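See structure below.
The values are calculated or read from the model by the stated rules, or taken from the named source; none is laboratory data. Predicted, not measured: the structure shown is a model, and the values here were computed from it. Note that each Cβ is placed from the backbone with ideal geometry, even for glycine, and that neighbours are counted across all protein chains shown.
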Amino acid sequence: MSKPLSAANLKSFGMTIQLVEADIDQIEHDHQVALRPGVPEDADTTYYPQFDAKVRSDAVSMSHHYQLFYCLEKTIRSLIAETLEDSKGSNWWDESGVVPEKIHNDVASRIKREVDSGITIRSELSIDYTNFGELGEIIKANWDIFGGIFSSVRAMERVLANLNMLRGPIAHCSVLAEDEVVRLELSLRDWFRMME
(Lines give C-alpha, C1' and ligand atoms only; values in the text may rest on other atoms or scores of the structure.)
Protein backbone atom coordinates (compact mmCIF):
# COMPACT_ATOMS: atom_id res chain seq x y z
CA MET A 1 0.00 0.00 0.00
CA SER A 2 1.38 3.40 -0.93
CA LYS A 3 1.57 6.26 1.50
CA PRO A 4 -0.46 9.40 0.79
CA LEU A 5 1.62 12.32 -0.44
CA SER A 6 2.42 14.86 2.21
CA ALA A 7 1.84 18.53 1.49
CA ALA A 8 5.62 19.03 1.30
CA ASN A 9 6.04 16.17 -1.21
CA LEU A 10 3.16 17.46 -3.34
CA LYS A 11 4.62 20.96 -3.30
CA SER A 12 8.04 19.57 -4.25
CA PHE A 13 6.50 17.60 -7.11
CA GLY A 14 4.73 20.71 -8.42
CA MET A 15 7.93 22.76 -8.26
CA THR A 16 9.85 20.03 -10.10
CA ILE A 17 7.25 20.03 -12.91
CA GLN A 18 7.52 23.81 -13.21
CA LEU A 19 11.32 23.60 -13.40
CA VAL A 20 11.11 20.90 -16.10
CA GLU A 21 8.68 23.04 -18.11
CA ALA A 22 10.97 26.05 -17.77
CA ASP A 23 13.91 23.95 -18.99
CA ILE A 24 11.89 22.72 -21.98
CA ASP A 25 10.87 26.33 -22.78
CA GLN A 26 14.53 27.38 -22.66
CA ILE A 27 15.64 24.50 -24.92
CA GLU A 28 12.87 25.31 -27.43
CA HIS A 29 13.91 28.96 -27.42
CA ASP A 30 17.67 28.37 -27.64
CA HIS A 31 17.49 25.75 -30.38
CA GLN A 32 14.33 27.02 -32.12
CA VAL A 33 12.63 23.63 -31.92
CA ALA A 34 9.14 22.62 -30.88
CA LEU A 35 9.37 19.86 -28.31
CA ARG A 36 5.66 20.25 -27.60
CA PRO A 37 4.21 20.75 -31.10
CA GLY A 38 0.81 22.31 -31.38
CA VAL A 39 1.09 24.63 -28.39
CA PRO A 40 1.88 28.19 -29.44
CA GLU A 41 3.69 30.38 -26.92
CA ASP A 42 0.71 32.70 -26.53
CA ALA A 43 -1.89 29.90 -26.28
CA ASP A 44 -4.77 30.32 -23.89
CA THR A 45 -3.75 28.05 -21.03
CA THR A 46 -7.32 27.70 -19.79
CA TYR A 47 -8.87 26.12 -22.89
CA TYR A 48 -6.11 25.29 -25.38
CA PRO A 49 -4.76 22.22 -23.52
CA GLN A 50 -8.26 20.71 -23.53
CA PHE A 51 -8.21 20.31 -27.33
CA ASP A 52 -6.87 17.16 -28.94
CA ALA A 53 -3.12 17.31 -29.71
CA LYS A 54 -3.73 16.61 -33.44
CA VAL A 55 -6.20 19.50 -33.68
CA ARG A 56 -3.71 21.81 -31.95
CA SER A 57 -0.92 20.67 -34.27
CA ASP A 58 -3.10 21.22 -37.36
CA ALA A 59 -4.03 24.68 -36.07
CA VAL A 60 -0.38 25.64 -35.75
CA SER A 61 0.43 24.44 -39.27
CA MET A 62 -2.63 26.19 -40.75
CA SER A 63 -1.98 29.47 -38.94
CA HIS A 64 0.76 30.35 -41.46
CA HIS A 65 -1.69 29.99 -44.38
CA TYR A 66 -4.32 32.04 -42.54
CA GLN A 67 -1.77 34.80 -41.94
CA LEU A 68 -0.87 34.87 -45.64
CA PHE A 69 -4.52 35.16 -46.62
CA TYR A 70 -5.20 37.80 -43.98
CA CYS A 71 -2.32 39.90 -45.32
CA LEU A 72 -3.32 39.33 -48.94
CA GLU A 73 -6.98 40.19 -48.46
CA LYS A 74 -6.17 43.32 -46.43
CA THR A 75 -3.59 44.35 -49.05
CA ILE A 76 -6.06 43.89 -51.92
CA ARG A 77 -8.69 45.93 -50.08
CA SER A 78 -6.16 48.72 -49.43
CA LEU A 79 -5.01 48.67 -53.06
CA ILE A 80 -8.59 48.98 -54.30
CA ALA A 81 -9.56 51.67 -51.80
CA GLU A 82 -6.45 53.80 -52.34
CA THR A 83 -6.55 53.46 -56.13
CA LEU A 84 -10.24 54.36 -56.35
CA GLU A 85 -9.88 57.19 -53.86
CA ASP A 86 -7.02 58.66 -55.94
CA SER A 87 -9.12 58.36 -59.08
CA LYS A 88 -12.68 59.04 -57.89
CA GLY A 89 -12.28 60.89 -54.60
CA SER A 90 -12.92 59.98 -50.98
CA ASN A 91 -16.60 59.16 -51.59
CA TRP A 92 -15.80 56.56 -54.28
CA TRP A 93 -17.81 53.76 -52.60
CA ASP A 94 -21.07 55.69 -53.02
CA GLU A 95 -20.35 57.03 -56.51
CA SER A 96 -22.63 55.47 -59.10
CA GLY A 97 -21.09 52.69 -61.18
CA VAL A 98 -17.86 52.30 -59.18
CA VAL A 99 -19.01 49.37 -57.02
CA PRO A 100 -21.38 46.95 -58.77
CA GLU A 101 -24.91 47.37 -57.41
CA LYS A 102 -25.21 43.77 -56.16
CA ILE A 103 -21.99 44.13 -54.14
CA HIS A 104 -23.14 47.50 -52.81
CA ASN A 105 -26.47 45.98 -51.67
CA ASP A 106 -24.88 42.83 -50.21
CA VAL A 107 -22.39 44.92 -48.21
CA ALA A 108 -25.18 47.17 -46.91
CA SER A 109 -27.04 44.04 -45.79
CA ARG A 110 -23.95 42.66 -44.02
CA ILE A 111 -23.37 45.95 -42.22
CA LYS A 112 -27.01 46.10 -41.10
CA ARG A 113 -26.92 42.49 -39.88
CA GLU A 114 -23.76 43.23 -37.88
CA VAL A 115 -25.22 46.42 -36.37
CA ASP A 116 -28.47 44.62 -35.52
CA SER A 117 -26.58 41.81 -33.79
CA GLY A 118 -25.23 44.22 -31.19
CA ILE A 119 -21.60 43.15 -31.67
CA THR A 120 -18.79 45.61 -32.24
CA ILE A 121 -18.74 46.44 -35.94
CA ARG A 122 -15.60 45.30 -37.72
CA SER A 123 -14.92 48.54 -39.58
CA GLU A 124 -16.17 51.94 -40.61
CA LEU A 125 -15.18 51.17 -44.22
CA SER A 126 -17.70 49.43 -46.47
CA ILE A 127 -14.95 47.66 -48.42
CA ASP A 128 -14.05 45.71 -45.28
CA TYR A 129 -17.42 43.95 -45.63
CA THR A 130 -16.64 42.60 -49.10
CA ASN A 131 -15.68 39.01 -49.64
CA PHE A 132 -12.71 37.84 -51.67
CA GLY A 133 -14.66 37.23 -54.88
CA GLU A 134 -16.29 40.65 -54.71
CA LEU A 135 -12.88 42.33 -54.62
CA GLY A 136 -12.13 40.88 -58.05
CA GLU A 137 -15.49 42.12 -59.34
CA ILE A 138 -14.73 45.67 -58.14
CA ILE A 139 -11.36 45.57 -59.92
CA LYS A 140 -13.03 44.27 -63.09
CA ALA A 141 -15.77 46.92 -62.96
CA ASN A 142 -13.05 49.59 -62.84
CA TRP A 143 -10.59 48.02 -65.27
CA ASP A 144 -10.01 51.40 -66.92
CA ILE A 145 -8.27 52.37 -63.65
CA PHE A 146 -6.77 49.00 -62.62
CA GLY A 147 -5.56 48.05 -66.11
CA GLY A 148 -2.48 50.15 -65.44
CA ILE A 149 -1.70 48.09 -62.33
CA PHE A 150 -2.39 44.55 -63.55
CA SER A 151 -1.07 42.93 -66.71
CA SER A 152 -4.34 41.28 -67.79
CA VAL A 153 -7.97 41.15 -66.68
CA ARG A 154 -8.10 37.40 -67.45
CA ALA A 155 -4.94 36.76 -65.44
CA MET A 156 -6.37 38.75 -62.53
CA GLU A 157 -9.62 36.75 -62.67
CA ARG A 158 -7.77 33.41 -62.88
CA VAL A 159 -5.42 34.19 -60.00
CA LEU A 160 -8.22 35.48 -57.78
CA ALA A 161 -10.37 32.44 -58.65
CA ASN A 162 -7.51 30.13 -57.60
CA LEU A 163 -6.94 32.08 -54.41
CA ASN A 164 -10.66 32.12 -53.65
CA MET A 165 -10.81 28.30 -53.97
CA LEU A 166 -7.85 27.96 -51.62
CA ARG A 167 -9.38 30.42 -49.18
CA GLY A 168 -12.29 28.07 -48.42
CA PRO A 169 -10.40 25.39 -46.48
CA ILE A 170 -8.30 28.03 -44.71
CA ALA A 171 -11.28 30.14 -43.63
CA HIS A 172 -13.36 27.10 -42.66
CA CYS A 173 -10.78 25.31 -40.52
CA SER A 174 -9.73 22.47 -42.80
CA VAL A 175 -6.16 21.35 -43.36
CA LEU A 176 -4.68 22.19 -46.77
CA ALA A 177 -3.38 19.19 -48.67
CA GLU A 178 0.31 19.30 -49.60
CA ASP A 179 -0.51 20.01 -53.27
CA GLU A 180 -2.77 22.88 -52.24
CA VAL A 181 0.01 24.42 -50.15
CA VAL A 182 2.15 24.44 -53.31
CA ARG A 183 -0.78 25.87 -55.29
CA LEU A 184 -1.20 28.61 -52.68
CA GLU A 185 2.46 29.59 -52.93
CA LEU A 186 2.29 29.62 -56.75
CA SER A 187 -0.94 31.65 -56.73
CA LEU A 188 0.62 34.22 -54.41
CA ARG A 189 3.62 34.47 -56.75
CA ASP A 190 1.22 34.88 -59.68
CA TRP A 191 -0.59 37.68 -57.85
CA PHE A 192 2.57 39.69 -57.27
CA ARG A 193 3.96 38.92 -60.73
CA MET A 194 0.75 40.26 -62.28
CA MET A 195 1.46 43.63 -60.71
CA GLU A 196 5.04 43.95 -62.03
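Can you tell me which of Val107, Val153 is modelled with pLDDT of 90 or more, surrounded by fewer than 17 Cβ atoms within 10 Å (Cβ to Cβ) and at negative phi? Can you show your working first?
Values: Val107 fails: surrounded by fewer than 17 Cβ atoms within 10 Å (Cβ to Cβ).
On inspection, the qualifying residue turns out to be Val153.
I'd like to know if the stretch 169-191 contains one or more residues that are assigned to a loop (DSSP other than H, G, I, E, B), more than 30 Å from Lys54 (Cβ to Cβ) and touching a helix residue (DSSP H, G or I) at 6+ places or on another chain (Cβ under 8 Å).
So far as the stretch 169-191 goes, no, none of its residues is assigned to a loop (DSSP other than H, G, I, E, B), more than 30 Å from Lys54 (Cβ to Cβ) and touching a helix residue (DSSP H, G or I) at 6+ places or on another chain (Cβ under 8 Å).
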Query raised in the report: Does the stretch 91-107 hold any residues that are under 11 Å from Ile138 (Cα atoms), part of a helix (DSSP H, G or I) and of a type in the set (A, V, I, L, M), and which are they?
Result: Ile103
Report task. For Leu166, work out the one condition from (1) surrounded by fewer than 17 Cβ atoms within 10 Å (Cβ to Cβ); (2) in contact with a helix residue (DSSP H, G or I) (Cβ under 8 Å, 6 or more places away or on another chain) it doesn't fulfil. Result -> (1)
Query raised in the report: Does Phe192 fit the bill of being aromatic (Phe, Trp, Tyr) and exposed (fewer than 14 other Cβ atoms within 10 Å of the Cβ)?
Result: yes
Requested in this report: Taking the options Arg189, Arg154, Arg183, name whichever one is among the basic types (Lys, Arg) and more than 15 Å from Leu68 (Cα to Cα).
Outcome: Arg154
Query raised in the report: Only one of (1) on the phi > 0 side of the Ramachandran plot; (2) without any contact (Cβ under 8 Å) to a residue 40 or more places away in the chain fails for Gly148. Which number is that?
Result: (1)
